[in-house]
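Questions regarding the structure given below will be posed in turn.
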Amino acid sequence: MKSKVTMKELPVSEQPYEKAEAEGAEHLSDKELLTVLIRTGTKKERADQIALKVLEFCGRDGLQALWNFDMEQLKDIPGIGRVKAIQLVCVCELAKRMARGKRLFGTKINTPEDVVSYYSMQLKYQQKECLILVILDSKNRILSDEILSVGTLHASIAEPREIFLAALKKNGASVILLHNHPSGDPTPSREDILTTERIEKAGYLLGIPLNDHIILGQNSYISLKGEGYLKNGINFDS
């Protein structure tokens, strides 16, 4: 007596490889996409059953939550060993790099929404605060960007010297700061506001204005310039 039905014995409509080939990968469910990535099952479970366990492990955020987990955490899922955990974290890293690939240097920043759209996928599921510096030319076009710091769960560290030294090296005309709040709430802390004011003053003295400091939450963001905390930055639409 067989202990389980194999993938090949499932109806063709339930075989993700065949479905992807016949209908296109866009028609696969989250479970089916994971099944393709996981590839093989164990002696007790098929690949699609392991895929379902991965989704259950992710919770209500679904596949996006995979960005939160490292290899050791993924290996806690029944059926996910060393190789499958490596495959999953590599797919997540590939997705991050593809999202960053959409961000073209030379693109003009017209609104805070432009900044968020370029960088949200990079920051949204970070478990620690991560601070990104975006350096612009005189026409508000992206010259360069870099991660300045990765902090604890609650705080990243930003020093004006580090920010403006990077901007000077790239001949930047102005800068934008962007960081995430792992709590999901983008409301600025007192430290966020004080740090922003300090950086703005330094930029004013150097002639490299801080255009904005944007805080990204789970599904929303706050522009400190839009909230009135910045006075000297260049308007995006100028």
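Give me the helices (runs of 4 or more DSSP H) completely within the range 56-150, filtered to those with at least 2 residues that are assigned by TED's automatic domain parsing to the domain that holds Ile208, at negative phi and crowded, with 19+ Cβ neighbours inside 10 Å, ordered by residue number.
Fully inside the range 56-150 and qualifying: 112-123.
Working only within the range 175-188, note down all residues that are surrounded by 13 or more Cβ atoms within 10 Å (Cβ to Cβ) and polar (S, T, N, Q).
Residue satisfying the conditions is Asn180 alone.
Within the range 159-182, how many residues are over 17 Å from Leu143 (Cα atoms) and among the β-branched types (Val, Ile, Thr)?
Selection size over the range 159-182: 0.
Across the range 190-230, which residue is farthest from the chain's Cα centre (by Cα) among those that are part of a loop (DSSP other than H, G, I, E, B) and without any contact (Cβ under 8 Å) to a residue 12 or more places away in the chain?
Gly207
Glu113 passes all but one of (1) more than 30 Å from Ile142 (Cα to Cα); (2) modelled with pLDDT of 90 or more; (3) charged (D, E, K, R); which number fails?
(1)
The values are calculated or read from the model by the stated rules, or taken from the named source; none is laboratory data. Because the structure is predicted, anything quoted here is derived from the model rather than measured. No Cβ is skipped: glycine too gets one built from the backbone with ideal geometry, and neighbour counts run over all protein chains shown.
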